[in-house]
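The values are calculated or read from the model by the stated rules, or taken from the named source; none is laboratory data. This is a predicted model, so every value here is computed, not measured. Virtual Cβ from ideal backbone geometry, glycine too; neighbours counted across all protein chains shown. The area values use the complete protein model at the heavy-atom level, side chains included, leaving out ligands, DNA and RNA. Shrake-Rupley method; radii C 1.70, N 1.55, O 1.52, S 1.80 Å.
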Amino acid sequence: MSSALAVAVLSAGPIRGDEPEFFERPSAPNQWTFGRRLDESQLRYCVDPRDPDWEVATAIADALAQGLLLEPQRYVIDSEYVSEDITKVYAILLEHCDIHMGFKLIPGSYSDWAMLTRAYYEADYVFVTADPDINALDDLAPTRPIGATLGTAAHIRLVSYLTALPAEERWPAFPMGTNDLALTSLLNGTVDVALVWAPTLWAKQREDSAYAGLRIIDPAPLPPTTLGVGAIMLSNETFLRAALDEAISALSADGTITDILAEYGFPARVEQ
């Protein structure tokens, strides 16, 4: 999720929609009291219901545990906050889980206290509209606004493209703090197209019929923006990380993860 915590858009989640960076090693209350996990027969994993993919991530984590001949132990993060301090990720890993599912693989965005598995799926940032006459971004008149989730790789690509255009040919691009806000702005008519993380749209359409009329359009003239999603862990868990990477590769090759994505109708694909 995705995935929310102050590392927001590093995770797969809708409220983790921005892409800040990890740099300094955080601290956690009483962190010296947490040692090496005692039960090596378990795979302790965390999922966050605020992430759009948390059910999918649960199924993938269970499959990974089975592939490693480990007992899956799920910890569901419970919080009333929309976003939390980044140190919460560190504390959760220390106290509750070996891996935290649902983090985007953004190069250079994680400090040395954390590392990620290889991607278990890839998903896209997508342009979304309710206008039946718009089938590609190119169909949008220059005067009609786009709402883009702030700071994402897709938002940065859009801004770079617009900057290269003559002023009269640029779409107004309104930065939105979250994917949820971008979609809400589309529904209320503030913008004509929203640029959001595809899993967020998927989750919204499952939860609320108000989003049923929204559809994804061709990003042309821009190329698609795709990111892999994996699990985060503490950087000293090198053996576990190698084992998980092997398991992800095996479950990708034998179709297990593809089958999980298909079961949920989830808008992602296995990394090739």
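Remark: the stretch 123-225 projects, on average over all directions, an area of 5.8 nm² (convex hull of Cα atoms). Computed over protein heavy atoms with a 1.4 Å probe, the carbon and sulfur contribution to the accessible area of the stretch 123-225 reaches 55%.
Only Cα pairs under 8 Å and at least 6 apart count here; give the relative contact order of the stretch 123-225 as a rounded whole percent.
Numbers: 170 pairs, mean separation 49.4, N = 103.
Reported relative contact order: 48 percent.
When each of the peptides 208-221, 134-147 is scored by the mean number of other C-beta atoms lying within 10 Å of its residues, the order from highest to lowest reads 134-147, 208-221.
Amide H to amide H, which residues 5 or more places from Gly147 or on other chains are under 5 Å from it, using H placed in the peptide plane? Counting only residues 5 or more places away or on other chains, the set is Phe174, Asp192, Val193, Ala194, Leu195. Sorted on the mean count of surrounding Cβ atoms within 10 Å across their residues, most packed first, peptides 186-196, 61-71 read 186-196, 61-71.
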